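Single-structure report; data block below.
The values are calculated or read from the model by the stated rules, or taken from the named source; none is laboratory data. Just so it is clear, the model here is predicted, and its values are computed rather than measured. FYI the Cβ positions are ideal-geometry reconstructions off the backbone, even for glycines, and counts take in every protein chain you see. Areas reflect the complete protein model, heavy atoms only, side chains present, ligands, DNA and RNA absent. Shrake-Rupley method; radii C 1.70, N 1.55, O 1.52, S 1.80 Å.
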Amino acid sequence: IYSFYTTVADKSPIPIIIYNFPGVTQQMDTTQETIVKLAKHQNIVGIKCTDGNVGKAAYICANTNPAQFTLMSGSADAFVPF
């Protein structure tokens, strides 16, 4: 996953946003550690997390720079209890 996204980001003329949606990728779920590592790439500017994992979202927010990397929720209803 890391190699794939860094290769795409290296070759893309525009910034990219990662889409993590295990429900449609045979449960392939990018780990929070990998996402934080990818967030350091200058051409990767964010991720849409449609995995419903609020703990993962909190970890990503706590370990990335919000001025350089945006986390978007694809499962906003997961935040309703908060």
Report summary line: Contact list, first residue from the stretch 1-20 and under 21 Å from Thr50 (Cα atoms), second anywhere and surrounded by 14 or more Cβ atoms within 10 Å (Cβ to Cβ) and of a type in the set (Asp, Glu), beta-carbon distance below 8 Å, six or more apart or interchain, is Asn20/Asp29; Asn20/Asp51
Requested in this report: Kindly indicate whether Ile35 is of a type in the set (A, V, I, L, M) and surrounded by fewer than 18 Cβ atoms within 10 Å (Cβ to Cβ).
Outcome: no
Report summary line: Among residues of the stretch 58-69 being open to solvent by less than 70 Å² (accessible area, probe 1.4 Å) and not in a loop (DSSP other than H, G, I, E, B), the residue modelled with the lowest pLDDT is Ala58
Requested in this report: Go through the stretch 1-18 and give me each residue that's outside any loop (DSSP other than H, G, I, E, B) and exposed (fewer than 15 other Cβ atoms within 10 Å of the Cβ).
Outcome: Tyr2, Ser3, Phe4, Thr7, Val8, Asp10, Lys11, Ile17
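Go through the stretch 38-52 and count every residue that is of a type outside the set (Gly, Ala, Ser) and open to solvent by less than 30 Å² (accessible area, probe 1.4 Å). It would help to see each step written out before you state the result.
Narrowing the stretch 38-52 to residues of a type outside the set (Gly, Ala, Ser): 38, 40-45, 47-51.
Restricting the remaining residues to those that are open to solvent by less than 30 Å² (accessible area, probe 1.4 Å) gives 38, 43-44, 47, 49-50.
Here the count works out to 6.
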Query raised in the report: Taking the stretch 1-49, which residues are closer than 24 Å to Ala67 by Cβ and among the charged types (D, E, K, R)?
Result: Asp10, Glu33, Lys37, Lys40, Lys48
Query raised in the report: Just one of the numbered conditions (1) more than 9 Å from the chain's Cα centre (by Cα); (2) over 21 Å from Ile14 (Cβ atoms); (3) at pLDDT 95 or above; (4) open to solvent by less than 70 Å² (accessible area, probe 1.4 Å) is not true of Gly55; which one?
Result: (3)
Report summary line: Residue hits (the stretch 45-57; outside any helix (DSSP H, G or I) and either of a type outside the set (Gly, Ala, Ser) or touching a Cys at 6+ places or on another chain (Cβ under 6 Å) (or both)) are Val45, Ile47, Lys48, Cys49, Thr50, Asp51, Asn53
Query raised in the report: Listed residues Gln42, Gln27; which is of a type outside the set (Asp, Glu) and either modelled with pLDDT of 95 or more or in a strand (DSSP E or B) (or both)?
Result: Gln42
